[in-house]
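Report on one structure; see the data block that follows.
The values are calculated or read from the model by the stated rules, or taken from the named source; none is laboratory data. Small disclaimer: the values here were computed from a predicted structure and weren't measured. Methodologically, a virtual Cβ is constructed for each residue, glycine included, from the backbone with ideal geometry; neighbour enumeration extends over all protein chains shown. When the accessible area is computed, the model is the full protein with side chains, heavy atoms only, and any ligands, DNA or RNA have been set aside. Shrake-Rupley method; radii C 1.70, N 1.55, O 1.52, S 1.80 Å.
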Amino acid sequence: MKTIQELEQYLEENCYNFDSITIGRHYAYEGLVVKNCALGYCLFSSERGHETLLKAFQTEEELVTYTLSYLDRDPWYKAHIVAFTFDQQQIQKAESELKWMRIRYKRNDIPYRAGQTAYRIFVYGRDILRLEQFKRQYMQR
């Protein structure tokens, strides 16, 4: 991979989550920004509309190599939520299904309003492609 466009295509094909990655036609309100800049080819961190330069490169290929390595160090850049519920039995059932399917996941429970706990499950990368029906069953609205 040598170009930002090739990196963008690779990220799409491998189901990275663009909620926090701005590259090419993908725009995130906050997160990483990959683009050309006055210094050459740059990787920025963006928060509340303010970009902070993380690293600048002379060549596009150096930026692409560094960015992919950066993204691969943090599994959350590939994370996709597939279950959200307030029912503990339902989240345990969802976990059992993912184990049976041999899909790597991360359960991430968070406090919610009025003392409730929201039970969430995330999967990584291309596994999201196997879980459309699963999401319909376990994503409480």
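Quick rundown of the values:
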quantity	calculated
Carbon plus sulfur fraction of accessible area for the chain, probe 1.4 Å, in percent	46 percent
Cα-based Lys pair tally, the chain, threshold under 29 Å, eight or more apart or on separate chains	14
Area of residue 69 that stays accessible when all protein chains are in place (1.4 Å probe, Å², to 10)	50 Å²
Estimated dipole of region 53-94 in Debye, rounded to 20 [Cβ of Lys and Arg +1, of Asp and Glu -1, Cα centre]	240 debye
Listed residues 16, 112, 66, most fluctuating in the chain (Gaussian network, C-alpha, under 10 Å)	112
Fluctuation leader among 40, 24, 125 - the chain, Gaussian network, Cα springs under 10 angstrom	40
Estimated D of the chain in µm² per second, where Rh is the Kirkwood radius over Cα pairs and Stokes-Einstein applies at 10 °C, 1.306 mPa s	95 µm²/s
Cut-off under 5 Å, modelled amide H: who pairs with residue 117 long-range	112
Accessible solvent surface per residue of region 46-103, calculated while the other protein chains remain in place, 1.4 angstrom probe, Å²	65 Å²
Net charge over other residues, Cβ less than 13 angstrom from the Cβ of residue 80 (K, R count +1; D, E count -1)	+4
Counting DSSP beta bridges with both ends in region 31-141, the antiparallel % (nearest 5)	95 percent
